[in-house]
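These notes are about the structure you will find just below.
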Amino acid sequence: MSAADSARAESISAFCAPTEYELCMTAATAWEEKTGNTVTINKMPALLDDAIPLYQQLLAAKSTDVDILFLDVIWLGMFKNNLLDLSTLIPQEDQDAQFESTLGAAKLDGKLVAMPSYMDVGLMYYRKDLLEKYGKEPPKTWAEMEATAKEIQDAERADGNSDMWGYTWQAKSYEGLTCDAIELIASNGGGTIIADDGTVTVDNPDAVEALNMAKGWIGTISPEGVLNYDEEASRAVFEAGNSVFHRNWPYVWGTSHEEGSKIIDKVGMMPLPVGKAGEKSSGCLGPMYYGVTKYSENPEVAADFVDFITGEEMQKMRAIEAAYNPSIPALYEDEEVLEVLPFLKDTVDAFADSAVRPSGYTGTSYNRVSQAFYRTVHDILAGQADAEDALHQLAGRLEKLKESR
């Protein structure tokens, strides 16, 4: 029996995000039919942050129970020492097919520690039917968004929809708030917490102004409950028809058009507004990846599944079935993809203007840096801290945290 034949009898195990579990199962079935191997798909926690301690426990024990990890771009530096170098296990042509910058983010210490699965960037969704009803254009600035949201919210409530809100987003004290807050601050000229050269930039008037603006939304155009909203909680309000504007990731285009949504064919999508004229829309960039642990007993088979699930065929399937933005440039010109997702050209612009979290510089200390940031922001939004004082104190803590990388 050849090595290729024996490989067909192998079994591996992989983690997958809960929001794309069915898509992972589709990919697993297709790969099993193609190779004869089997793969068990393990559903990750609903809040992806909760996977970090789970991964840390498995890797510390050098567990062979799971071969493949699903990874946020900001986790790559954290787990790089436990991930296999895929540079010789993934065909070069499949590596070359990816966006260069996205693949580059997974090249750490001269090794390719993961393969991109799809692109992610923060986007603004809106009720195009309601904007048309009230004669409004999609807003270019956050101030325009606030004014439009308030006007439509109040009019809809007066018309009988007492549950209507102007804007839903993610203000819970977790990584998602780091994304939302960095978008607001960067689009207002306030930087991205820590610059690429390690300079702590968060203590500035533009950042203070942006967070005070967002604080003013709570209880006016956003419900008090937004302080506890993650992606799924905020999405539920929007898809129930009770929010004019909604910030989330590209997958919401797909879920908002699924059976059960009350806003099918009523949704518009655009890059996020800017805080000030001359600034860029600054959706938070968040590619997702698959990597193979160093402790896998079947590394070649595991790498083959990673190559398959991140390849053009499966990325095309995810784009068409669930609106996931491909990390393969060729698919942005694919007629079948564009027929279903004509907005992809808009997301290309959003990628160009995106804001990047400071995981590159901070490395293994990123999680502590982000935690300090989102907790401070949450205190500001909840009215428990003054923005200027809190950001000044945060800057001092970040100076120490960033050096523990």
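The values are calculated or read from the model by the stated rules, or taken from the named source; none is laboratory data. Bear in mind that the values here come from a model prediction, so they are computed numbers and not experimental data. No Cβ is skipped: glycine too gets one built from the backbone with ideal geometry, and neighbour counts run over all protein chains shown. Just the protein is used for accessible areas: all its heavy atoms, side chains included, with ligands, DNA and RNA removed. Shrake-Rupley method; radii C 1.70, N 1.55, O 1.52, S 1.80 Å.
For the stretch 317-405, the per residue solvent-accessible surface stands at 46 Å², with DNA, RNA and ligands left out and a 1.4 Å probe. Shape annotation for the chain: C-alpha extents along the principal axes are 74, 49, 32 Å, from largest to smallest. Length available on full extension from GLU132 to LYS62: 0.36 nm per residue minus the Cα-Cα distance, which gives 19.5 nm. Loop-resident chymotrypsin sites (Phe, Trp or Tyr not before Pro) (DSSP state other than H, G, I, E or B) in the stretch 163-238 with no more than 13 further Cβ atoms inside 10 Å of their Cβ are absent.
Is the stretch 172-218 rounded, prolate or oblate when judged by the Cα gyration tensor, a ≥ b ≥ c being the square roots of its eigenvalues, rounded requiring a/c under 1.5 and prolate requiring a/b larger than b/c?
Oblate, because a/c is 1.5 or more while a/b does not exceed b/c.
Leaving out ligands and nucleic acids, note down the accessible area per residue over the stretch 1-141 with a 1.4 angstrom probe, in whole Å².
That works out to 46 Å² for each residue.
Please state the shape class of the stretch 191-239: rounded when a/c is under 1.5, otherwise prolate if a/b exceeds b/c and oblate if not, all from the C-alpha gyration tensor. Judged from the Cα gyration tensor, the stretch 191-239 comes out oblate (a/c at least 1.5, b/c at or above a/b). Expressed in nm², what is the orientationally averaged projection area of the convex hull enclosing the Cα positions of the stretch 6-133? The number I arrive at for the stretch 6-133 is 10.7 nm².
If the segment from ASP49 to ALA236 were pulled out straight at 0.36 nm per residue, it would be longer than the present Cα-Cα gap by 65.3 nm.
Going down the list LYS43/LYS111; LYS111/LYS294; LYS140/LYS280; LYS172/LYS215, which pairs span over 21 Å between their C-alpha atoms?
Over 21 Å Cα-Cα: LYS43/LYS111.
Compared with the dominant principal axis of the Cα atoms in the chain, helix 175-186 is inclined by about 60°.
Overall, the accessible surface of the chain at a probe of 1.4 angstrom is composed of carbon and sulfur to the extent of 47 percent. DSSP assigns beta bridges within the stretch 1-128; of those with both partners inside it, close to 20 percent run antiparallel. Protection proxy ranking of 44-54, 80-90, by the mean of other Cβ atoms within 10 Å over each peptide's residues and highest first, is 80-90, 44-54. The residues of the stretch 201-272 present an accessible area of 36 Å² per residue when probed at 1.4 Å with all protein chains retained. When DSSP beta bridges are restricted to pairs lying wholly in the chain, around 65% turn out antiparallel.
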